[in-house]
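Remarks on the structure that follows.
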Amino acid sequence: MQNNSYNPFETAQKQFDRAADMLDLKQATRDLLRTPIREFHFSIPIRMDDGLMKVFRGYRVQHNDARGPAKGGIRFHPQETIDTVRALAMWMTWKTSVADIPLGGGKGGIICDPHNLSQNEQENLCRGWIRQVYKNVGPNIDVPAPDVMTSPQHMLWMLDEFETIRGEKLPGAITGKPVGMGGSLGRTEATGYGVIITLREALKELNITPADTTASVQGFGNVSQYAIELYEQLGGKVICVSSWDQDDQASYSFKKKEGVNLDELRSIANPFGGIDKQKAMDLGYEILSGDAWLEQEVDILIPAALENQITANNVEKMNKRVKIIAEGANGPTTPDADKVINNRDIFVLPDFLANAGGVTCSYFEQVQSNMNYFWDKEDVLSRLDTKMTAAFISVSDFAKLHKLKMRDAAYVISVNRVAQACEDRGWV
Ligand code: NAD
């Protein structure tokens, strides 16, 4: 959404075409999987706090549900586009497939900037979104969840509206709910932790001790913060973090050579993961340009902000020391930048594998909600570790066996599973 010169849906389609060629998929399968199976575009009229009505644009895209109900987040973002939602829905299909959970792929969004909306207006938007799609989502159809700038509170408002309309309790209809209101323990940590579980396995494979490594991270939201937390627990050191500055409408990188202090940064970040520049400066952080996170002399890069962040325009700025890129965000690397990265023989943990921890835990939440029986946090996190490690190993083994890059191997495995499900159902 931040970089308008790349269309994420075109990126997603190019990635799919590459996998389809490798798998030699037949034309009908390509036609089915290259575009979403269903799309909903709608207007959401809201009464604003000043009494005036305002109309917002909302979307829900279901890319594929051959392996189970569609699953995917809902974003609030001023630059949201239908093509971003389509790309994210497609990536969700591959993500649930590579993690081998019985769900499909979907995504939704509302074009809005929650920075400029009161709590009341945000609640109205959540309820309005559900009123437009309640017939097309649900525990056995399509299960929404939070994403960029949406929170457990937003999910609870959505669930409440859904249950009110349906006249029954259906907690498995939405995940990412607050703990105690149908949410799963461990969900908040799951995506960031999952990124680091796959990173831990990659380091093991490359014979690198985590404590000997340093990292630089783009973004300081949910994914980034918990990735940093677990990476530090493994002994790694993060020296640079970037975030978006709402006032300046620009991003900055915050650097401390001796290692950033996670709690300190959390204490000076707003709820949207924006780090306060002045306070950071007072705490001794160097304030650098938005791209500086990419230029750091580190072993590991973790893009964990938005799509299209490592592009042909900035990939050459990447430091020669970088050995691993763990993609926390969805679609952070454009295909042209990916070529440069592959030529440099950097080990890439592709987004839909690395950040599959979120949807894996969402699946756990759905299972727990449907059963109305909830597991303790250790139980959730250990199941997450088992699932993520298994997903990593299956992709890595396949990559080695067929001499493929990790992204290609992950694509081939996941597209093949979905194609097979479509075929088995007689759809193609
Ligand atoms: P978030 O809204 O909590 O945080 C986003 C962070 O990115 C914020 O710190 C923001 O300041 C920063 N940011 C935004 N634009 C930036 C820019 N141009 N440069 C630098 N920083 C910028 O979002 P999140 O939930 O952490 O999600 C981050 C990414 O991970 C997204 O691509 C999302 O789709 C993906 N993802 C999230 C989850 C999840 O469970 N939250 C799961 C899978 C994938």
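The values are calculated or read from the model by the stated rules, or taken from the named source; none is laboratory data. Here the structure is a predicted model, which means the values were calculated and not measured. Note: ideal-geometry Cβ built from the backbone for every residue, glycine included; neighbour counts use all protein chains shown. The protein model used for the area step is the full one, side chains on, heavy atoms only, and it has no ligands, DNA or RNA in it. Shrake-Rupley method; radii C 1.70, N 1.55, O 1.52, S 1.80 Å.
Less than 5 angstrom separates the built amide H of Phe56 from those of Ile44, Ile46, all sequence-distant by 5 or more or on a different chain.
Suppose only helical runs count, i.e. DSSP H with n ≥ 4. What mean residue ellipticity at 222 nm does that imply for the chain under -39500 (n - 2.57) per run, divided by all residues and rounded to the nearest 500 deg cm²/dmol? Spell out each step's value before the answer.
Details: 15 runs with 191 residues, N = 428.
Rounded to the nearest 500, the figure is -14000 deg cm²/dmol.
Let me make sure I get this right: for the stretch 73-181, a, b and c are the square roots of the gyration tensor eigenvalues over alpha carbons, sorted descending. Under 1.5 in a/c it's rounded, otherwise prolate if a/b > b/c, else oblate. Which is it? Because a/c hits 1.5 or more and a/b fails to exceed b/c, the stretch 73-181 counts as oblate. With θ taken as phi - 60° and the Karplus curve 6.51 cos²θ - 1.76 cosθ + 1.60 applied, the whole-hertz 3J(HN,Hα) list for the stretch 131-136 is 4, 7, 10, 4, 6, 10 Hz, x standing for glycine and proline. For His63, nonlocal amide neighbours, meaning residues 5 or more places apart or on other chains whose placed amide H falls under 5 Å from its own, are Ile37, Gly105, Gly106, Lys107.
For His77, the amide hydrogen comes within under 5 Å of the amide hydrogens of Ile110, Cys112, counting only partners 5 or more places away or on other chains and with H modelled in the peptide plane. Charged side chains reduced to their Cβ positions (Lys and Arg at +1, Asp and Glu at -1) give the stretch 302-379 a dipole of some 480 debye around its Cα centre.
Short-range pairs are left out: with C-alpha atoms under 8 Å and at least six residues apart, the relative contact order of the chain is 17 percent. Comparing Arg75, Arg47, Arg86 in a Gaussian network model of the chain where C-alpha atoms under 10 Å apart are linked, the largest mean-square fluctuation is found at Arg47.
Per-residue surface analysis assigns Ile325 an accessible area of about 0 Å², computed on protein heavy atoms at 1.4 Å probe radius. Extension gain, Asn116 to Gln249: 0.36 nm times the residue separation minus the Cα-Cα distance gives 46.5 nm. Distance between the modelled labels on Asp336 and Lys54, one decimal in nanometres: 3.6 nm (7 Å Cα→Cβ projection). Rounded to the nearest 0.05, the FRET efficiency derived from the C-beta distance between Asp31 and Glu297 at R0 = 56 Å is 0.75.
With θ taken as phi - 60° and the Karplus curve 6.51 cos²θ - 1.76 cosθ + 1.60 applied, the whole-hertz 3J(HN,Hα) list for the stretch 350-363 is x, 2, 6, 8, 4, 9, 6, x, x, 6, 5, 6, 4, 4 Hz, x standing for glycine and proline.
Got a sec? Which residues in the stretch 235-275 would a label at Ile287 touch, if it sits 7 Å along Cα→Cβ and we count backbone N under 12 Å? Residues passing the 12 Å test: 245-255, 275. Since only Ser151, Gly274, Ser414 are under comparison, the one whose Cα sits farthest along the positive direction of the charge dipole of the chain, derived from C-beta charges on Lys, Arg, Asp and Glu, is Ser414.
With the charge dipole of the stretch 146-249 set up from +1 on Lys and Arg Cβ and -1 on Asp and Glu Cβ about the Cα centre, the Cα lying farthest toward the positive end among the listed residues Leu199, Ile228, Gln249 is that of Leu199.
For each pair in Lys323/Lys387; Lys14/Lys339; Lys317/Lys405; Lys204/Lys323, compute the distance between the two Cα atoms and list the pairs where it is over 19 Å. With Cα atoms farther than 19 Å apart: Lys323/Lys387; Lys317/Lys405. Couplings 3J(HN,Hα) for the stretch 260-277, derived from phi with the Karplus relation 6.51 cos²θ - 1.76 cosθ + 1.60 (θ = phi - 60°), are 6, 9, 4, 5, 4, 5, 4, 6, 10, 9, 7, x, 8, x, x, 8, 6, 4 Hz, where x marks Gly and Pro.
Once you divide the Cα radius of gyration of the stretch 293-428 by 2.2 N^0.38 Å, the number left is 1.22.
The stretch 10-84 and the stretch 309-345 have Cα centres separated by 25 Å.
Out of Gly274, Gly51, Gly182, any idea which swings most in a Gaussian network model of the chain, alpha carbons joined below 10 Å? Ranking Gly274, Gly51, Gly182 by mean-square fluctuation puts Gly51 first. What the Kirkwood sum gives for the chain is a hydrodynamic radius of 21.6 Å, with every pair of different alpha carbons counted. Length gained on full extension, Arg47 to Lys14, computed as 0.36 nm times the residue gap minus the Cα-Cα distance: 7.8 nm. The loop-placed trypsin sites (Lys or Arg not before Pro) in the stretch 373-428, going by DSSP, that have at most 12 neighbouring Cβ atoms within 10 Å of their Cβ come out as Lys403, Arg425. DSSP assigns beta bridges within the chain; of those with both partners inside it, close to 55 percent run antiparallel.
What full-extension length gain, to one decimal in nm, is calculated for Arg131 and Asn370 as 0.36 nm per residue of separation minus the Cα-Cα distance?
Computed gain between Arg131 and Asn370 is 83.8 nm.
Once you mark the GluC sites (Glu not before Pro) that are in a DSSP loop and have at most 14 other Cβ atoms within 10 Å, what is the longest gap between them in the chain? Before the final figure, lay out each step's value.
Values: sites that count: Glu168, Glu258, Glu297.
Longest site-free region, per DSSP loop and neighbour criteria: 1-167.
The label point for Met22 and the one for Ile208, both projected 7 Å from the Cα toward the Cβ, are 2.1 nm apart.
If R0 is 45 Å, what FRET efficiency do you get for Ile393 and Asp83 from their C-beta distance, rounded to 0.05? Can you show the working numbers first?
Numbers: r = 34 Å, r/R0 = 0.75.
Step by step, r from the Cβ atoms, then E = 0.85.
Just how far, in whole angstrom, is the stretch 114-181 from the stretch 274-300 if you go by their alpha carbon centroids? The stretch 274-300 and the stretch 114-181 have Cα centres spaced 35 Å from each other.
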